[in-house]
Amino acid sequence: MKTLADISLYDLLPDNAKGDKNISAACRSLDNQLNDLYKRADKISFYRRLHYGQITDEEADARAWQYKLAYYDSNLPLIQKIELLRSAVETNRSKGTPAAIEGLITILFGEGYVEEWFEYDGEPGHYQVITSNPAVTEGRAQEFVRAIESVTRLSSRLDRVVLSETVNMTDLYIGTGTHIGERIKIN
């Protein structure tokens with residue numbers, strides 16, 4: 001696949017114009033200028049820099065406003081802002097689905113998943129979010145709920161956020177015993 005940087009203006013000239021010294025010289029000199037321009041365009045390409053995580057906080061905030069992201073907070077760390085911007089198109093496309101909620105939870109809070117009403121005997125149209133991230137408690141609880149509700153269908157309702165906790169039980173021992181015998185009664 002050829003790109004603009006690979007093509008010379010001289011090669012695009014018709015045969016009768018290639019014979020003219022002035023035109024061919026002008027094309028060759030413009031080729032150098034255009035190649036320099038292509039290199040500069042590569043450096044300022046926002047999407048390429050976004051892909052490599054090389055954007056600034058200010059750029060992230062401006063693009064989030066342009067993209068009208070469902071959930072965005074300018075106080076987030078730059079890494080999370082970049083992930084939100086990278087997934088903006090997919091999040092907007094899948095908005096209103098459990099996948100959109102789970103994607104947002106993964107970016108902002110690390111881990112979690114959605115259980116729909118039929119998976120936990122809830123009311124139709126309701127769901128709950130299960131997470132094991134201890135940072136979701138207290139201070140970030142409202143932020144967590146606001147983030148989830150920003151990508152939820154209007155007809156769906158969040159019942160609760162369940163914080164599941166895992167404990168390392170390496171020193172836990174379980175034992176069982178079985179006794180088999182007969183009972184004899186003598187009169």
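Entry note: the range 64-114 has Rg to Rh equal to 0.93, where both radii use alpha-carbon atoms and Rh is the Kirkwood radius. Amide H to amide H distances under 5 Å link residue 126 with 117, 157, where only residues 5 or more positions off or on other chains count and H is placed in the peptide plane. At what distance in angstrom do the alpha carbon centres of the range 1-25 and the range 74-126 lie from each other? Going from one Cα centre to the other spans 52 Å. Rolling a 1.4 Å probe over the protein heavy atoms gives the chain an accessible area of 74 Å² per residue.
Taking the Cα centre of the chain as origin and assigning +1 to Lys and Arg Cβ atoms and -1 to Asp and Glu Cβ atoms, the resulting dipole is close to 540 debye. Checking the cross-link filter: which lysines have an alpha carbon closer than 26 Å to that of residue 95, excluding same-chain neighbours under 8 positions apart? Within reach: 68, 81. As a fraction of the 1.4 Å probe accessible area of the chain, surface on carbon and sulfur atoms comes out at 53 percent.
If we count every other residue with Cβ under 12 angstrom of residue 31's Cβ, Lys/Arg +1 and Asp/Glu -1, where does the sum land? Charge balance in the 12 Å sphere: -2. Shown is the FRET efficiency for residue 187 and residue 166, computed with R0 = 41 Å from the Cβ-Cβ distance and rounded to the nearest 0.05: 0.10.
Straight distance only, please: which lysines reach the Cα of residue 21 with their own Cα at less than 30 Å, same-chain residues fewer than 8 apart left out? Once the sequence-local lysines are set aside, what remains near residue 21 is 2, 39.
Note on the chain: with a GNM built from Cα contacts shorter than 10 Å, the maximum mean-square fluctuation among 166, 176, 97 falls on 176.
As a ratio to 2.2 N^0.38 Å, the alpha-carbon radius of gyration for the range 85-178 is 1.33. Rg and Dmax of the range 25-166, based on Cα coordinates, read 20.5, 78 Å.
All other residues with a Cβ under 13 Å from the Cβ of residue 106 taken together, and with Lys, Arg as +1 and Asp, Glu as -1, what is their net charge? In short, -3. Computed from the Cβ-Cβ distance with R0 of 45 Å, the FRET efficiency linking residue 150 to residue 9 stands at 0.35.
The values are calculated or read from the model by the stated rules, or taken from the named source; none is laboratory data. The structure displayed is predicted, hence computed values, not measured ones. Every residue, glycine among them, receives a Cβ derived from its backbone with ideal geometry; neighbour counts consider all protein chains shown. What goes into the accessible areas is simple: the full protein's heavy atoms, side chains included, and nothing from ligands, DNA or RNA. Shrake-Rupley method; radii C 1.70, N 1.55, O 1.52, S 1.80 Å.
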